[in-house]
Amino acid sequence: NSSNVLIGSAITDVSGNYTISVKPGHYYLKVASPTDYLFTLANQGSDNTDSEVDGSNGFGTTPLITFTGGTPNNSMDIGMNKCIKLGEQVFYDTDKDDIWDNVENGINGLLVKLYRKVNNVWTLHQSTYTGHKPGTPSDDGYWTFCVPPGTYYIHFNIPPIGLVPVKKDKLGVIALTNPNEQGNDSDIDFSGNTDQFTVVSGQNINNIGAGFYP
């Protein structure tokens, strides 16, 4: 309720339906999100077809609603997408051939920023630092994002230690969302940016690389 006291709970059925019975008063919902799922943007259509989860009362919450009793409120819908994983390597190009060789190390501690276009405006959506790849003995330079469908580009901070980006798309220009895009070339220009790309639910784009040499 409006005092943050838990009044009731429910588990969605196989069709995603749920029901919570309450007395007249002021309430909001807090929704638990499954692993690798993200909430859609809220209030993108009519109350009966869009999602009401906008974070007004914390992560995964709706705004307060007033329930007067009598007529059921069937407009409190919740939208989720299975997140899209983006990644995943920054490499040190020892032999300066503009591609990653499996004997070349990654670069840890590099800031990676993800920008998303929303309502035709680019905004910083997430950021992370490169590091060790989980579950591997020695892979470094690893990074990943888990994002909703949308249009993005990624910026890699140029290391302040005398390094510059290698040549972009050494093995040919192929869209990042193309399954045949090479995973061992560099996809950033000399300012540290990738091309913009659009992804949909169900995709995983794990071929985005950034290479540097002195």
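For this structure, a couple of remarks:
- Screening F145 with (1) in contact (Cβ under 8 Å) with a residue 40 or more places away in the chain; (2) open to solvent by 50 Å² or more (accessible area, probe 1.4 Å); (3) in contact with a Lys or Arg (Cβ under 9 Å, 6 or more places away or on another chain) gives one miss only, at (2).
- Those residues of region 139-183 which are assigned to a loop (DSSP other than H, G, I, E, B), among the aliphatic types (A, V, I, L, M) and over 14 Å from Q203 (Cβ atoms), in sequence order: I158, I161, L163, V166, L171, V173, I174
- Within region 21-36, the residues that satisfy the criterion of being outside any strand (DSSP E or B) and either surrounded by 12 or more Cβ atoms within 10 Å (Cβ to Cβ) or touching a Cys at 6+ places or on another chain (Cβ under 8 Å) (or both) are V22, Y28, L29, V31, S33, D36.
- Listed by first and then second residue, the pairs with beta-carbon distance under 7 Å, at least 6 apart or on different chains, first residue in region 95-118 and touching a residue at least 12 places away in the same chain (Cβ under 8 Å) and open to solvent by 50 Å² or more (accessible area, probe 1.4 Å), second of a type in the set (G, A, S) and in a loop (DSSP other than H, G, I, E, B), are N108/G141.
- If only residues of region 127-143 that are polar (S, T, N, Q) and at pLDDT below 95 are counted, the one that is farthest from the chain's Cα centre (by Cα) is S138.
- In region 41-85, residue most open to solvent (accessible area, probe 1.4 Å) [restricted to those that are within 25 Å of the chain's Cα centre (by Cα) and of a type in the set (A, V, I, L, M)]: L41
- Subset of region 184-214 [assigned to a strand (DSSP E or B) and of a type in the set (A, V, I, L, M)]: V199, I205, I208, A210
- Among the residues of region 98-107, those identified as modelled with pLDDT under 95 and either closer than 22 Å to G202 by Cβ or part of a loop (DSSP other than H, G, I, E, B) (or both) are W100, D101, N102, V103, E104, N105, I107.
- Inter-residue pairs, beta-carbon under 9 Å, first over 23 Å from S15 (Cβ atoms) and in region 65-84, second at pLDDT below 85, 6+ apart: I84/S201; I84/G202
The values are calculated or read from the model by the stated rules, or taken from the named source; none is laboratory data. Keep in mind that what you see is a predicted model, and the values were worked out from it rather than measured. With ideal geometry, Cβ positions are generated from the backbone for all residues, glycine too; neighbour counts draw on all protein chains shown. The area values use the complete protein model at the heavy-atom level, side chains included, leaving out ligands, DNA and RNA. Shrake-Rupley method; radii C 1.70, N 1.55, O 1.52, S 1.80 Å.
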